[in-house]
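Colleague: Okay, handing you the structure first.
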Amino acid sequence: MANPKYRAGCDVLDTDALLVDVLSDLRAVTTRIANRARMNDEADDIRLLIGCTRTVLEVQRRVLQHHPNRRT
């Protein structure tokens, strides 16, 4: 059975992996919309997605601060 510190580190890394997947999807969707954007509403959508990406990056940074080795 794994010790608590090891389990905590694994939990942090699992959460980080999930956030990496979300960031990948956000960036792909943002790029697709940007490549075909023609209207102001689409520009607003792009700004919204960029804001979401920044938020996820901040959450990822905060999650990684909880890793036992303080990985960043």
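Colleague: Tally time: how many residues in segment 1-44 are assigned to a helix (DSSP H, G or I) and out of contact with any helix residue (DSSP H, G or I) (no Cβ under 7 Å at 6 or more places or on another chain)? Before the answer, list the steps.
Modeller: As a first pass, look at segment 1-44 and keep what is assigned to a helix (DSSP H, G or I): 4-36, 40-44.
Add one more test, that the residue is out of contact with any helix residue (DSSP H, G or I) (no Cβ under 7 Å at 6 or more places or on another chain), and what stays is 4-11, 13-14, 17-18, 20-21, 24-25, 28, 31-32, 35-36, 40-41, 43-44.
Here the count works out to 25.
Colleague: Moving on. Six or more apart or on different chains, Cβ atoms under 6 Å: show the pairs whose first residue is in segment 47-72 and within 22 Å of Ile33 (Cβ to Cβ) and whose second is modelled with pLDDT of 95 or more and polar (S, T, N, Q).
Modeller: Leu49/Thr30
Colleague: Please determine, by comparing only the residues of segment 32-47 that are surrounded by 12 or more Cβ atoms within 10 Å (Cβ to Cβ) and not acidic (Asp, Glu), which one is farthest from Lys5 (Cα to Cα).
Modeller: The first filter runs over segment 32-47 and keeps only residues surrounded by 12 or more Cβ atoms within 10 Å (Cβ to Cβ), leaving 33-34, 37, 42-43, 45-46.
Still in the running and not acidic (Asp, Glu): 33-34, 37, 43, 46.
Values: Ile33: 42, Ala34: 43, Ala37: 47, Ala43: 45, Ile46: 40 Å.
Looking at the filtered set, the residue picked out is Ala37.
Colleague: Oh, and also: Just to verify a result, which residue in segment 59-72, among those that are more than 16 Å from Asp14 (Cβ to Cβ) and exposed (fewer than 10 other Cβ atoms within 10 Å of the Cβ), is nearest to the chain's Cα centre (by Cα)?
Modeller: It comes out as Thr72.
Colleague: State yes or no: is Arg7 basic (Lys, Arg), at pLDDT 95 or above and on the phi < 0 side of the Ramachandran plot?
Modeller: Numbers: basic (Lys, Arg): yes; at pLDDT 95 or above: no; on the phi < 0 side of the Ramachandran plot: yes.
Here the answer is no, as Arg7 does not meet what is asked.
The values are calculated or read from the model by the stated rules, or taken from the named source; none is laboratory data. This one's a predicted model, so the numbers in the text were calculated from it and none came from an experiment. Backbone-built Cβ (ideal geometry, glycine too); neighbour counts: all protein chains shown.
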